[in-house]
């Protein structure tokens, strides 16, 4: 199975010196802060503190604005309000300063949702959207005075990064291999791309013409093959106009079935259909109405999980 950077919840080990990293998510006391949507942390003051807005997935792009292209810089006591402008996103911290209790918005939410938090602890915060982390939906937040040398030390001193990998000092990385130049994973990612290209040839569709209902399942890829981490099975199907396509979640992993006009970019879309099948046994049905090709993909796993319907 091709190794792909999956969107999984990260856990951090506390680091000493510089900007400490606190253990996150399940290790935080849920009652410490009010993280409810639209609620302001009890540490906010009535005057003098600012509210900064961050757009989550604007224009169907996998970004936080500001945060992804450049860090958002605020002062202690300021509040950050995240505004969801597209579907299937969350805000999950993967790096926070020692002493901070920020747990983020772990649940996946859709357009129109709002979440805010008041930051009191100075330091560098890094967070991700889990469903789209592999597509680059990550962000940085700087609270108070964060020296450039501290950030450089944090990024390049060989301490564990967000994956627990050693970056620069030649120690073993997460795979147990030596990583002497910080670029050991580059070859792996190139291999992943080559394996994906070999798997998704789209030159041999499964012929399901003549069937009123066509079944497509989600499943994990098989180890030792060129299959991606997750896939639609079958991923390339020829069907009749009027046939009903039924997608079924068989692996218990959060997936979407999202139409797109471009199978190569796999961003945005959803004009024809966009459904969540988040748990094992969940299904989604769509009836074909006209001839032509209909590509689609799974939004959380857009980098490697997609399919094509040939409708005739």
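Worth pointing out:
- Breaking point among (1) modelled with pLDDT under 90; (2) under 23 Å from the mean Cα position of the chain (by Cα); (3) part of a loop (DSSP other than H, G, I, E, B), for residue 224: (2)
- Residue in the stretch 185-197 that is modelled with pLDDT of 55 or more, in contact with a strand residue (DSSP E or B) (Cβ under 8 Å, 6 or more places away or on another chain), closer than 23 Å to residue 251 by Cβ and not in a strand (DSSP E or B) present: no
- Members of the stretch 121-135 that are outside any strand (DSSP E or B) and under 15 Å from residue 91 (Cβ atoms): 129, 130, 131, 132, 133
- Test result for residue 99, touching a residue at least 60 places away in the same chain (Cβ under 8 Å), surrounded by fewer than 20 Cβ atoms within 10 Å (Cβ to Cβ) and either within 16 Å of the chain's Cα centre (by Cα) or not in a strand (DSSP E or B) (or both): yes
- Any chance residue 116 is modelled with pLDDT of 95 or more, more than 13 Å from residue 67 (Cβ to Cβ) and buried (at least 20 other Cβ atoms within 10 Å of the Cβ): yes
- In the stretch 56-89, residue surrounded by the most Cβ atoms within 10 Å (Cβ to Cβ) [restricted to those that are in contact with a helix residue (DSSP H, G or I) (Cβ under 6 Å, 6 or more places away or on another chain) and assigned to a loop (DSSP other than H, G, I, E, B)]: 88
The values are calculated or read from the model by the stated rules, or taken from the named source; none is laboratory data. Everything numeric here is computed off the predicted structure, so don't read it as measured data. Glycine also receives a Cβ, built like all others from the backbone with ideal geometry; neighbour counts cover every protein chain displayed.
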